[in-house]
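Novice: Can you keep this structure in mind? I'll have questions shortly.
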């Protein structure tokens, strides 16, 4: 028996053309991703910009936003966080986000950003794109990894 998703979570899966039973815990993963995300107001305050600037960056795909329950939420992973608030975006991530397919499901983006990639090695250890960028490594290496993926296959 599958757990029934709330309408907002179900809509996210529909947008990505994924069935509600695509995997164990998909609904919980979406809930966790959205639940730990920042509001536009929190991002604006943390980055010392206006809320309209936050939304403009989202529209230009420089910030990763998820429309959930009629509000935009900004996953925390894309930020350097201090004292529970975003203080800046992970260096280079703005460029990476713009190059990802525009219609990717939020869990696909989250998975890519957190999954160690074969071409991203730090001290002989595979690291995720986020860890790579947080370490100040070249953005182009993450772009190469993203371009090599078959996002829809």
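Novice: Please say if the stretch 90-153 is rounded, prolate or oblate, where rounded means a/c under 1.5 for a ≥ b ≥ c the square roots of the C-alpha gyration tensor eigenvalues, and otherwise the choice is prolate for a/b larger than b/c and oblate otherwise?
Specialist: It is prolate, given that a/c is not under 1.5 and a/b is the larger ratio.
Novice: In percent, what relative contact order does the stretch 46-126 have, based on Cα pairs under 8 Å that are 6 or more apart in sequence?
Specialist: Worked out over the stretch 46-126, it gives 23 percent.
Novice: Next question, about the same structure. Given Cα pairs under 8 Å that are at least 6 residues apart, what percent is the relative contact order of the stretch 90-153?
Specialist: This gives 36 percent for the stretch 90-153.
Novice: Within 10 Å of each residue's Cβ, count the other Cβ atoms and sort 100, 113, 121 from fewest upward.
Specialist: Lowest to highest Cβ neighbour count: 121, 100, 113.
Novice: Can you figure out the FRET efficiency of residue 82 with residue 119, using R₀ = 30 Å and their beta-carbon distance, to the nearest 0.05?
Specialist: Between residue 82 and residue 119 the formula returns 0.50.
Novice: Moving on to the next point. At 0.36 nm per residue, minus the direct Cα-Cα distance, what do residue 151 and residue 56 gain on full extension? Give it in nm, one decimal, please.
Specialist: So the chain would gain 31.6 nm between residue 151 and residue 56.
Novice: Would you mind ranking 125, 98 so that the residue whose beta carbon has the fewest other beta carbons within 10 Å leads the list?
Specialist: 125, 98
Throughout, read-outs are computed from the coordinates displayed, never taken from laboratory work. Everything quoted here is computed from the prediction, not taken from an experiment. Virtual Cβ from ideal backbone geometry, glycine too; neighbours counted across all protein chains shown.
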